[in-house]
1. Probe 1.4 Å, all protein chains in place: accessible area of H128 in Å², nearest 10?
2. Provide the net charge surrounding G82, with neighbours chosen by a C-beta distance below 9 Å and charges set as Lys +1, Arg +1, Asp -1, Glu -1.
3. Can you send over the solvent-accessible area of M19, 1.4 Å probe, protein chains only, in Å² to the nearest 10?
4. Pull up all non-local amide H partners of L163: gap of 5 or more, or a different chain, and H-to-H distance under 5 Å with H placed in the peptide plane.
5. Residue by residue through the range 297-302, what is 3J(HN,Hα) from phi via Karplus (6.51 cos²θ - 1.76 cosθ + 1.60, θ = phi - 60°)? Round to whole Hz and write x for glycine and proline.
6. For the range 16-88, which GluC sites (Glu not before Pro) pass both filters: DSSP loop (anything but H, G, I, E, B) and at most 15 other C-beta atoms within 10 Å?
Amino acid sequence: MFTDSAKIYVKAGNGGNGMVSFHREKYIAAGGPDGGDGGKGGDVIFVVDEGLNTLIDFRYKKNFKAESGHDGGPSNCSGKNGEDLIIKVPRGTMVKDEATGMVLVDLIKPGQTCVIAKGGKGGKGNQHFATPTRQVPNFAKSGDLGEEFNLILELKMIADVGLLGYPNVGKSTILSMVSAAKPKIANYHFTTLVPNLGVVQIEQGKSFVIADIPGLIEGAHEGVGLGHEFLRHVERTKLLIHVVDVSGVEGRDAIEDFDTINSELKKYNEVLSTRPQIVAANKMDIPGAEENYKAVKEELEKRGYRVFGISAATNKGLKELMYAVSETLKTLPDTILLDETKNEEVVYKAQEEKPFEIHIEDGVYVVEGKWLRKVLGSTNITNYESLQYFQRALKKKGVIAALEEMGIEEGDTVRIYDTEFDYTR
C-alpha cells in the first residue's frame with residue numbers, strides 16, 4: 001500500500017522539576033539546600049531512512065511523544081535527561097505545521113536529520129536560590145514544557161526522470177522494459193494507482209532513477225481523476241518524458257493530449273511548465289501509427305521538443321530514448337527542487353505571545369498564560385517566602401494591575417489553572 005501524505009501529532013518531553021532538599025548529615029549542622037536540577041526533555045527528531053519509500057507507518061500510529069526529563073534529586077543530583085524520539089521518514093518528505101501551513105523542513109538528503117520539537121529545559125533545584133538573606137529557599141523551579149505540533153507529512157518522490165502522460169499511453173510498459181521495476185500493466189485506464197520507481201542502467205557506472213507517475217487527465221490540478229494526488233511527485237524530477245499515443249486506436253489526438261497535460265502542469269504550479277521535456281511517441285508498432293508520428297514529430301519539433309518514435313511493447317527505440325535522456329541529464333543541475341510558490345506571498349512572522357489573558361467565569365477571575373503555569377509550578381504555596389516571590393512575579397508582569405483595571409474587589413476569587421486565591425490588596 002502506498003501512502004504519500006499523513007497527519008500526525010508530536011510532543012517533545014517536558015523538562016524535569018527541580019528538587020527542594022536540604023543536606024542532612026550527622027555532625028553537620030545547617031547543611032544548606034542541595035536540591036538537584038531536573039533533566040532536559042527529549043527532542044522529537046526526524047531522520048531520513050533510504051530504506052523507506054512510503055508513509056504507510058503513519059497510517060496506524062499518529063501520536064508520537066518523547067520521554068520527559070526526570071526530576072532532580074537530593075545531594076545536588078541532577079535528574080536524567082529524557083531520551084530523544086527518532087522518527088524515520090522516507091527521502092523526499094516535506095514536514096508542514098498544520099496550524100499555519102508553513103514548511104518546517106524538506107527532508108531531501110540521505111541521512112538528513114532535523115529536530116522538529118525541542119524538549120523542555122529542566123527546572124533549577126533550590127540549591128540555586130540560596131542567598132545571604134534567603135538561606136533556606138523552600139522552593140525550586142519546575143521544568144519547561146516540551147514543544148508540540150500537529151504536523152502534515154507529504155512525500156514527494158525524488159527521481160531524475162518522470163514519465164508523464166494520459167492513462168494507458170504505455171508509461172508502465174516503458175518502465176518495465178528499461179528497468180527491473182515490475183509495475184502492473186493492463187489494457188485499461190488507471191492501471192497505475194501509485195508512483196513506481198525504477199533504475200535505468202545505461203552502462204557501467206551510469207544510471208538514473210525514473211518514476212512512472214499515474215495517468216493525468218484534464219482537470220487533474222483540481223483533483224479530477226488521480227492527478228491531484230500525484231502531481232506533487234512530478235515536482236522532484238529534473239526531466240520529464242512526455243509519453244503520447246500516436247497509434248490513434250482510441251481515437252485520441254496526440255497533440256491535443258500533449259497540450260492538455262502541459263496545461264494541467266502549469267495550472268498546478270507555474271514552475272512545472274518550465275521543466276525540460278523529451279517526447280516519446282509510443283505504439284509505433286501499430287499499423288497507421290507511422291503517419292500520425294510524422295505529423296506529431298513535425299509539430300512538436302517546431303516548438304523545440306526532441307521527439308522519439310518508440311514501441312514499448314516491442315522495445316523498439318527505447319535504447320535511443322534512454323541514451324538521449326542520460327545525455328540531457330548531464331546538462332541539468334544536480335538538484336532541481338520546486339519552490340513552494342503557494343507560500344511565497346505569505347510571510348510568517350514570530351508574533352510575540354501575550355504574557356497573560358484574563359476573563360471572568362461565574363464571578364471568578366481566570367488568569368492564563370504559559371509562563372504562569374511554570375511560575376506556579378515553582379511556587380510552594382505553603383511557604384511564605386516562596387509565595388512572596390510568586391506575588392512579586394504577578395505584579396512585575398502586570399497581572400495585579402490588569403485585575404484592578406477589570407474591577408476586582410477585596411475577597412474576590414482568582415483562579416490560575418488549578419489553584420485559586422482570594423484577592424487582597
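The values are calculated or read from the model by the stated rules, or taken from the named source; none is laboratory data. The structure displayed is predicted, hence computed values, not measured ones. Cβ placement follows ideal geometry from the backbone for every residue including glycine, while neighbour counts extend to all protein chains displayed. These accessible areas exclude ligands, DNA and RNA; they are computed on the full protein's heavy atoms, side chains included. Shrake-Rupley method; radii C 1.70, N 1.55, O 1.52, S 1.80 Å.
1. We get 90 Å² for H128.
2. -2
3. Estimated to the nearest 10 Å², M19 gives 60 Å².
4. A211, D212, I213, I241
5. Calculated HN-Hα couplings, in order: 4, 4, 5, 6, 5, 4 Hz.
6. E50, E83
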